[in-house]
Amino acid sequence: MSAPPRKLGTLVAIPIKGRKLLNRSGGKQSPYVQFKLSDQNKRTKASLIASVEPEWDQEVRLDVFHGMLDLSVSVYDDGKKNEFIGKGILLLHEVIDKGELDGMSAIIDLPSMYNGTVK
(Lines give C-alpha, C1' and ligand atoms only; values in the text may rest on other atoms or scores of the structure.)
Protein backbone atom coordinates (compact mmCIF):
# COMPACT_ATOMS: atom_id res chain seq x y z
CA MET A 1 0.00 0.00 0.00
CA SER A 2 1.50 3.36 -1.01
CA ALA A 3 1.69 6.31 1.34
CA PRO A 4 -0.67 9.23 0.69
CA PRO A 5 0.91 12.21 -1.11
CA ARG A 6 2.73 14.66 1.14
CA LYS A 7 0.94 17.97 1.69
CA LEU A 8 3.15 20.89 0.63
CA GLY A 9 0.87 23.62 1.94
CA THR A 10 -2.16 25.71 1.10
CA LEU A 11 -2.44 27.75 -2.06
CA VAL A 12 -4.23 31.06 -1.54
CA ALA A 13 -5.61 32.26 -4.88
CA ILE A 14 -7.07 35.76 -5.09
CA PRO A 15 -8.49 36.60 -8.51
CA ILE A 16 -8.64 40.39 -8.62
CA LYS A 17 -10.20 41.30 -11.95
CA GLY A 18 -10.97 40.17 -15.46
CA ARG A 19 -10.21 42.12 -18.60
CA LYS A 20 -11.83 41.90 -22.02
CA LEU A 21 -13.69 38.69 -21.20
CA LEU A 22 -15.71 37.20 -24.02
CA ASN A 23 -19.44 37.90 -23.77
CA ARG A 24 -21.11 34.93 -25.48
CA SER A 25 -24.72 35.97 -24.83
CA GLY A 26 -24.32 39.62 -25.82
CA GLY A 27 -26.24 40.71 -22.71
CA LYS A 28 -25.16 41.37 -19.15
CA GLN A 29 -23.00 38.68 -17.60
CA SER A 30 -21.93 38.05 -14.01
CA PRO A 31 -18.66 36.14 -14.28
CA TYR A 32 -17.14 33.99 -11.56
CA VAL A 33 -13.81 32.16 -11.39
CA GLN A 34 -13.56 28.42 -10.71
CA PHE A 35 -10.30 26.82 -9.61
CA LYS A 36 -9.62 23.11 -10.08
CA LEU A 37 -6.63 21.46 -8.46
CA SER A 38 -6.69 17.66 -8.70
CA ASP A 39 -10.07 16.70 -7.18
CA GLN A 40 -10.66 20.08 -5.49
CA ASN A 41 -13.08 22.54 -7.10
CA LYS A 42 -13.59 25.97 -5.56
CA ARG A 43 -15.08 29.13 -6.96
CA THR A 44 -15.57 32.79 -6.25
CA LYS A 45 -18.93 34.49 -5.98
CA ALA A 46 -20.15 36.10 -9.18
CA SER A 47 -18.82 39.59 -9.79
CA LEU A 48 -21.09 42.38 -8.58
CA ILE A 49 -20.05 44.27 -11.69
CA ALA A 50 -21.94 42.63 -14.55
CA SER A 51 -19.57 43.24 -17.44
CA VAL A 52 -16.62 42.00 -19.47
CA GLU A 53 -14.37 43.82 -16.94
CA PRO A 54 -15.45 42.12 -13.66
CA GLU A 55 -13.82 42.48 -10.26
CA TRP A 56 -13.72 39.74 -7.63
CA ASP A 57 -10.92 40.29 -5.07
CA GLN A 58 -12.01 37.12 -3.24
CA GLU A 59 -9.78 34.55 -1.57
CA VAL A 60 -9.96 30.85 -2.45
CA ARG A 61 -7.84 28.25 -0.60
CA LEU A 62 -6.73 24.90 -2.02
CA ASP A 63 -4.53 22.21 -0.49
CA VAL A 64 -1.40 21.47 -2.53
CA PHE A 65 0.12 17.98 -2.42
CA HIS A 66 3.37 16.63 -3.84
CA GLY A 67 2.93 15.75 -7.51
CA MET A 68 0.32 18.39 -8.35
CA LEU A 69 1.53 20.25 -11.44
CA ASP A 70 -1.04 22.78 -12.54
CA LEU A 71 -4.05 24.80 -11.45
CA SER A 72 -6.98 25.15 -13.83
CA VAL A 73 -8.58 28.62 -13.78
CA SER A 74 -11.95 28.77 -15.55
CA VAL A 75 -14.38 31.64 -15.93
CA TYR A 76 -18.14 31.15 -16.22
CA ASP A 77 -21.15 33.43 -16.46
CA ASP A 78 -23.38 32.91 -13.41
CA GLY A 79 -26.52 33.48 -15.52
CA LYS A 80 -29.22 30.95 -16.35
CA LYS A 81 -27.01 28.76 -18.53
CA ASN A 82 -23.84 28.93 -16.38
CA GLU A 83 -22.03 29.62 -19.65
CA PHE A 84 -18.34 28.80 -20.07
CA ILE A 85 -16.26 31.89 -20.94
CA GLY A 86 -12.74 30.45 -21.00
CA LYS A 87 -9.95 28.63 -19.18
CA GLY A 88 -6.30 29.13 -18.31
CA ILE A 89 -3.64 26.97 -16.66
CA LEU A 90 -1.19 28.14 -13.99
CA LEU A 91 1.91 26.04 -13.44
CA LEU A 92 2.32 25.39 -9.73
CA HIS A 93 6.12 25.16 -9.85
CA GLU A 94 6.17 28.91 -10.62
CA VAL A 95 4.20 29.63 -7.45
CA ILE A 96 6.19 27.17 -5.33
CA ASP A 97 9.58 28.42 -6.61
CA LYS A 98 8.78 32.13 -6.15
CA GLY A 99 6.43 31.86 -3.17
CA GLU A 100 3.83 33.86 -5.10
CA LEU A 101 2.66 34.66 -8.59
CA ASP A 102 1.32 38.10 -9.38
CA GLY A 103 0.28 38.64 -12.95
CA MET A 104 -2.36 38.24 -15.60
CA SER A 105 -3.34 34.80 -16.87
CA ALA A 106 -4.75 34.42 -20.38
CA ILE A 107 -8.18 32.84 -20.56
CA ILE A 108 -8.74 30.91 -23.77
CA ASP A 109 -11.42 28.77 -25.32
CA LEU A 110 -10.05 25.57 -26.74
CA PRO A 111 -8.31 25.14 -29.08
CA SER A 112 -6.73 28.60 -28.73
CA MET A 113 -9.20 31.48 -29.07
CA TYR A 114 -8.27 34.39 -26.77
CA ASN A 115 -11.16 35.21 -24.43
CA GLY A 116 -9.62 37.75 -22.02
CA THR A 117 -7.39 37.71 -18.95
CA VAL A 118 -7.68 37.25 -15.18
CA LYS A 119 -5.33 38.83 -12.66
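At a glance:
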| item | result |
| --- | --- |
| Residue within region 51-68 that is at pLDDT below 80, surrounded by 14 or more Cβ atoms within 10 Å (Cβ to Cβ), part of a strand (DSSP E or B) and of a type outside the set (S, T, N, Q) present | no |
| Every residue from region 19-48 that is under 20 Å from ASP70 (Cα atoms) and either in contact with a Leu (Cβ under 7 Å, 6 or more places away or on another chain) or of a type in the set (Gly, Ala, Ser) (or both) | PHE35, LEU37, SER38, GLN40, LYS42 |
| Out of ARG24, ARG61, sole residue that is free of Cβ contacts under 8 Å to residues at least 60 places away in the same chain and of a type in the set (Lys, Arg) | ARG61 |
| Qualifying residues in region 69-87 (those that are of a type in the set (D, E, K, R) and part of a strand (DSSP E or B)) - the one nearest to GLY26 (Cα to Cα) | ASP77 |
| Residue under evaluation VAL60, criteria (1) under 25 Å from ILE96 (Cβ atoms); (2) out of contact with any Phe, Trp or Tyr (no Cβ under 8 Å at 6 or more places or on another chain), criterion not met | (2) |
| Condition met for VAL73 (crowded, with 17+ Cβ neighbours inside 10 Å and either farther than 28 Å from PRO4 by Cβ or not aliphatic (A, V, I, L, M) (or both)) | no |
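The values are calculated or read from the model by the stated rules, or taken from the named source; none is laboratory data. The structure displayed is predicted, hence computed values, not measured ones. Cβ: placed from backbone, ideal geometry, glycine included. Neighbour counts: every protein chain shown.
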